[in-house]
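Everything below concerns the one structure shown next.
None of the figures in this text is laboratory data; all of them are computed from the coordinates on show. Given the structure is predicted, the values throughout are model-derived calculations rather than measurements. So basically every Cβ, Gly included, is an ideal-geometry build from the backbone, and we count neighbours across all protein chains shown.
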Amino acid sequence: MVIARTLRQLDRFRARARGPVGFVPTMGDLHEGHLSLLRRCRRENGAAVLSVFVNPIQFDRRDDFQKYHRDEKRDFALARREGVDCVWAPSAEEMYPAGFQTEARVRELSKPLCGTRRPGHFDGVATVVLKLFNQVRPDRAYFGMKDYQQFRIIERMVRDLDLRVKIVPCPIVREADGLAMSSRNRRLDSDERRRAARIRFALQSAGEMLESRQRSSKGELSRKFRDALAPERGDRVEYFEAVDPQTLQPRQPLKRPVLLAAAVWIGGTRLIDNLLLP
Ligand code: AMP
């Protein structure tokens, strides 16, 4: 397995790679969610590239960037075990040399849901993913539906800019109790961890309500979500929304296909999850 730290090293790997190249971009701290993407990537391509880069320009809060858990040694060992051919792990200076000032923005899809509360976040994501695509030049790239809005934004960017890469969405991998796997889960203490599992339950409860009734209002749906979540002291629903899975605009009337998406603070940790009713 090649560990590339500079563009030169990556180019050397890329020149030798045989068959279609698959790519899984991550911020490291790998868990089963990432590994499921990697396995599929390996299965469907001649060579598999994993990137590990905690992207400073997509964090709207400095403390969140600093707190982000990093463990390269463990990530590289897992990547090796999964048969990854190349890990692309550039430094922030390699990615953003002095004078860097260009941005990619997917205007409308970046506004709702997480975009409202995290200004600039998706511009940072689109910019780094565009750079990563240009650096790695993959034939296919794998994204988790856990970050559903991110997936739609990247898909749109690829179409709008004629990027020659196929975006492959992958299902959400969950813990046994339903909590969507996330690098942020490690910040939860045992009581918070218990509360966090109710996010998935609350999404399902709202989903069942939507399916069982001819017509439910947005208010009723939100109440159902909140009641099932039963937030405790220090927990807060940042948003819960029922949106069109393509445009991410509020779904009116409330019927399939619909994406139920939520961001919830459990104590000091912000978690997102969603339920797609196709
Ligand atoms: P991250 O390291 O959080 O930036 O995530 C890297 C990629 O892994 C993104 O495409 C995520 O959507 C995906 N991912 C993260 N968690 C999960 C999960 N629980 N299930 C499936 N994919 C995931």
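Could you tell me which of rounded, prolate or oblate describes segment 70-112, using a ≥ b ≥ c as the square roots of the eigenvalues of the alpha-carbon gyration tensor, with rounded for a/c under 1.5 and, failing that, prolate when a/b is larger than b/c and oblate otherwise? The partial results should precede the final answer.
Details: a/c = 3.11, a/b = 1.68, b/c = 1.85.
Verdict is oblate for segment 70-112.
Apply the Karplus curve 6.51 cos²θ - 1.76 cosθ + 1.60, θ = phi - 60°, to the phi angles in segment 90-103 and return the couplings in whole Hz, x for Gly and Pro.
So the Karplus estimates, Gly and Pro as x, are x, 7, 4, 6, 5, 6, 10, x, 3, x, 4, 8, 9, 10 Hz.
Express as a percent, rounded to the nearest 5, the fraction of DSSP beta bridges in the chain (both residues included) that run antiparallel. Don't skip to the end; give the middle numbers.
Details: 18 of 37 bridges.
Here the share of antiparallel DSSP bridges comes out near 50 percent.
Across the chain, how large is the tail of the calculated P(r) beyond 31 Å, expressed as a percent of all Cα pairs?
Numbers: 10750 of 38503 pairs.
Roughly 28 percent, once rounded to a whole number.
Find how much the distance from residue 111 to residue 12 grows on full extension, using 0.36 nm per residue of separation minus their present alpha carbon separation; answer in nm with one decimal.
Details: separation 99, 0.36 × 99 = 35.64 nm, distance 3.85 nm.
Result: 31.8 nm gained on full extension.
Please list, in chain and number order, the residues 5+ apart from residue 273 or on another chain whose amide H is under 5 Å from its amide H, with Hs placed from the backbone.
Residues meeting the criterion, in which the H sits 1.01 Å from N, are 262.
If you take the square roots of the eigenvalues of the alpha-carbon gyration tensor of segment 101-183 and sort them as a ≥ b ≥ c, do you get rounded (a/c under 1.5), prolate (a/b over b/c) or oblate? Walk me through the numbers on the way to the answer.
Details: a/c = 2.08, a/b = 1.29, b/c = 1.62.
The shape class here is oblate.
Name the residues whose placed amide hydrogens come within less than 5 Å of the amide hydrogen of residue 166, ignoring near sequence neighbours (fewer than 5 apart) on the same chain.
140, 141
With contacts defined as alpha carbon pairs under 8 Å and 6 or more residues apart, what's the relative contact order of segment 205-278 in percent? Write out the running numbers ahead of the final one.
Numbers: 119 pairs, mean separation 20.2, N = 74.
Worked out over segment 205-278, it gives 27 percent.
By per-residue mean of other Cβ atoms within 10 Å, what is the highest-first order of 172-181, 139-148?
By packing density, highest mean first, the sequence is 139-148, 172-181.
Can you work out the PRE-style zone for residue 60? Point 7 Å along Cα to Cβ, and I want the residues of segment 170-188 with backbone N under 20 Å.
Residues 183-185 qualify, since their backbone N sits under 20 Å from the label point.
Once the Cβ-Cβ distance between residue 256 and residue 227 is put in as r, and R0 is 22 Å, what FRET efficiency do you end up with, to the nearest 0.05?
Details: r = 22 Å, r/R0 = 1.02.
According to the calculation, E is roughly 0.45.
What pairs from 131/218; 166/218; 73/111; 73/146; 111/166; 131/224 go past 32 Å between their alpha carbons? Write down the numbers at each step before the final one.
Details: 131/218 39 Å; 166/218 35 Å; 73/111 36 Å; 73/146 25 Å; 111/166 24 Å; 131/224 41 Å.
In this structure, 131/218; 166/218; 73/111; 131/224 exceed 32 Å between Cα atoms.
Between segment 1-57 and segment 78-122, how far is it from one alpha carbon centroid to the other, in angstrom?
Comparing the Cα centres of segment 1-57 and segment 78-122, I get a distance of 14 Å.
If you find the alpha carbon centre of segment 219-240 and of segment 201-216, how far apart are they in angstrom?
So the separation of the two Cα centres works out to 14 Å.
When you count, for each residue, the other Cβ atoms within 10 Å and take the mean per peptide, how do 6-19, 105-118 rank with the highest first? Could you put the intermediate results ahead of the total?
On the way: 6-19: 13.7, 105-118: 17.9.
Per-residue Cβ counts within 10 Å, averaged per peptide and sorted highest first, yield 105-118, 6-19.
Let me have the 222 nm mean residue ellipticity of the chain computed from DSSP H runs of 4+ only, each contributing -39500 (n - 2.57), with the sum over all residues rounded to the nearest 500.
Details: 11 runs with 110 residues, N = 278.
Estimated from H runs of four or more residues: -11500 deg cm²/dmol.
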